[in-house]
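Have a look at the structure below, then the notes.
The values are calculated or read from the model by the stated rules, or taken from the named source; none is laboratory data. Everything quoted here is computed from the prediction, not taken from an experiment. Positions of Cβ are backbone-derived with ideal geometry, glycine not excepted, and every protein chain shown enters the neighbour counts.
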DNA sequence: ATAAGGGTTCTAGTTACTGGAAGGTCAAGG
DNA sequence: CCTTGACCTTCCAGTAACTAGAACCCTTAT
């Protein structure tokens, strides 16, 4: 199976697959005689793992850790859970921040006429007017 | 007022101020005889505006637009509001995505013992086990 | 005179890819 | 047999918004 098929199979672009190889997230693929990368069922599995992990917001570095734990039959599940809990904390923080921003902007936008007139509470706020 | 003071005053690092100048977000600062950048009260105001806008999650490109509207006395407030509403939509999307991820990860983490044993529902999920 | 603590420019690194150029390979059709 | 189109290869550059660091200049106080 060459890279295009692997890509179609997993939803990871060929560009990304090559990139992952270049940064050693995945081992160098086998090559056909003509130099085409060849992917086994196991490689596809790994790409699925990566795709799913990235989709859950893990950084590539975290995915590398998760993959290494995945491959280690003697891993401690606590390590995996630790990574996830840390990530969850970051997500919570991010959500909190975004919600706070949303509230602020919602208020500002609601107070702005949004028409042809120049008067604008949003700009007043950004400029530091204390309302 | 030179760059260090301007930075302390506004909370924008000197590095960032120079960077903003380099990308033309702010005009080139005046210079002292020895070549030091000099900032006026109006420059400080602008830096405050940028700081606040970036803090609300606007991209530098959006800040450039907002700044240009801010400086235009004949702006239409609708344009400003448009930018904000677009940004709000993106924020809502982001929050939704993060909440979905959070739910998934919370479930997985709760089902993982998180001890020395290798058994791990998180890895099972990432590997594509259909549970 | 010198030392500390400013300031200057320039290059390179960060994250996770994506786009594009230049060129080799493979299978099908004329 | 040759060509065409869809693959594949490598390598370089660009993206966002800075940050780190090197090498060097300026100012002020001791």
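General observations
- Hits in the stretch B:18-60 (condition: near DNA strand C (Cβ under 8 Å from one of its atoms), touching a residue at least 24 places away in the same chain (Cβ under 8 Å) and outside any loop (DSSP other than H, G, I, E, B)): B:37
- Test: residue in the stretch A:5-13 that is within 28 Å of residue A:94 (Cα to Cα), surrounded by 13 or more Cβ atoms within 10 Å (Cβ to Cβ), within 14 Å of chain B (Cβ to nearest Cβ) and within 11 Å of DNA strand C (Cβ to nearest atom): yes
- Failed item, numbered, when residue A:98 is tested on (1) under 30 Å from residue B:90 (Cα atoms); (2) at pLDDT below 95: (2)
- If the condition is being within 8 Å of chain A (Cβ to nearest Cβ), buried (at least 17 other Cβ atoms within 10 Å of the Cβ) and closer than 19 Å to residue A:118 by Cβ, then the stretch B:42-55 contributes B:49, B:53.
- Residues of the stretch B:56-80 that are more than 8 Å from chain A (Cβ to nearest Cβ) and surrounded by 13 or more Cβ atoms within 10 Å (Cβ to Cβ): B:58, B:60, B:62, B:63, B:64, B:65, B:67, B:79.
- Residue within the stretch B:81-101 that is touching a helix residue (DSSP H, G or I) at 6+ places or on another chain (Cβ under 8 Å), closer than 28 Å to residue A:119 by Cα and within 11 Å of DNA strand D (Cβ to nearest atom) present: no
- Odd one out for residue A:113 among (1) within 13 Å of DNA strand C (Cβ to nearest atom); (2) outside any helix (DSSP H, G or I): (1)
- Against the conditions (1) more than 7 Å from chain B (Cβ to nearest Cβ); (2) assigned to a loop (DSSP other than H, G, I, E, B); (3) modelled with pLDDT of 95 or more, residue A:89 satisfies every one except (2).
- Taken together, the residues in the stretch A:18-57 that are within 8 Å of DNA strand D (Cβ to nearest atom) and touching a helix residue (DSSP H, G or I) at 6+ places or on another chain (Cβ under 6 Å) amount to 1.
- Residue within the stretch B:99-121 that is free of Cβ contacts under 8 Å to residues at least 40 places away in the same chain and farther than 30 Å from residue A:72 by Cβ present: yes
- On the stretch given as the stretch A:102-117, residues that are facing chain B (nearest Cβ under 8 Å) and touching a helix residue (DSSP H, G or I) at 6+ places or on another chain (Cβ under 6 Å) total 9.
- Test: residue in the stretch B:63-83 that is assigned to a helix (DSSP H, G or I) and within 16 Å of DNA strand C (Cβ to nearest atom): no
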